[in-house]
Amino acid sequence: AFANMSYALIAPFLPFELVNKNVPLYMFGYIFSCYSLAVIICSPFVGYMLTKVSRRSFVQFGIFSMAFAMILLAVGSHIENYSMFIFVSFVTRFIQGFAAARFKQHATLSLANYKGAPSKVIGLLETSCGIGLMIGPVVGS
């Protein structure tokens with residue numbers, strides 16, 4: 001839920017920030033899609049790293065990365081320089097995607113190792129993803 005909440009959290013206010021900074025409309029999509037691009041790029045590497053480090057440190061680093069991205073996003077809204085603001089927006093979304101890839105890989109691996117009823121766990125996992133996507137815009141606004 002945390003990864004999906006962070007994905008949706010910026011939806012209510014980032015477009016207004018971009019308009020206030022005179023960012024062209026076509027850049028909105030690029031900035032928002034940078035998250036998904038990071039998930040696609042980072043997932044294979046994250047999957048490999050998951051086999052090399054402990055799960056606990058893996059998730060802790062993902063949480064730290066997501067928190068860092070959120071702080072960077074908050075600080076970035078005060079940047080007056082146009083180019084720097086665009087750069088920080090892209091970097092923030094990429095870090096969020098990287099952290100989300102860590103969460104999603106860990107959840108998938110945990111599900112693969114689950115001995116009980118995996119269908120119930122899949123249902124809970126998808127429910128938590130949906131809750132995160134619902135809560136994000138509410139918290140962001």
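Taking the Cβ of Ile10 as the center, what net charge do the other residues with Cβ under 13 Å away carry, scoring Lys and Arg +1 and Asp and Glu -1? Show your work: numbers first, answer last.
Details: positive: Arg93; negative: Glu17.
Value of the local net charge: 0.
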Stretch gain in nm, segment Met49-Leu25, where the contour uses 0.36 nm per residue and the Cα spacing is subtracted
5.0 nm
Can you compute the modelled spin-label distance between Ala67 and Lys120, with each label point 7 Å from Cα toward Cβ, in nm?
3.2 nm
Cys34, Cys129, ranked by accessible area, largest first (probe 1.4 Å)
Cys129, Cys34
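Could you compute the FRET efficiency for Met84 and Thr127, with r as their C-beta to C-beta distance and R0 at 41 Å, rounded to 0.05? Working shown, then result.
Values: r = 39 Å, r/R0 = 0.96.
Computed FRET efficiency for Met84 and Thr127: 0.55.
The values are calculated or read from the model by the stated rules, or taken from the named source; none is laboratory data. The shown structure was predicted, so the numbers you read here are calculated from the model rather than taken from an experiment. Every residue, glycine as well, gets a Cβ built from its backbone with ideal geometry; the counts of neighbours run over all protein chains shown. Side chains are part of the model used for accessible areas, which takes the heavy atoms of the whole protein and leaves out ligands, DNA and RNA. Shrake-Rupley method; radii C 1.70, N 1.55, O 1.52, S 1.80 Å.
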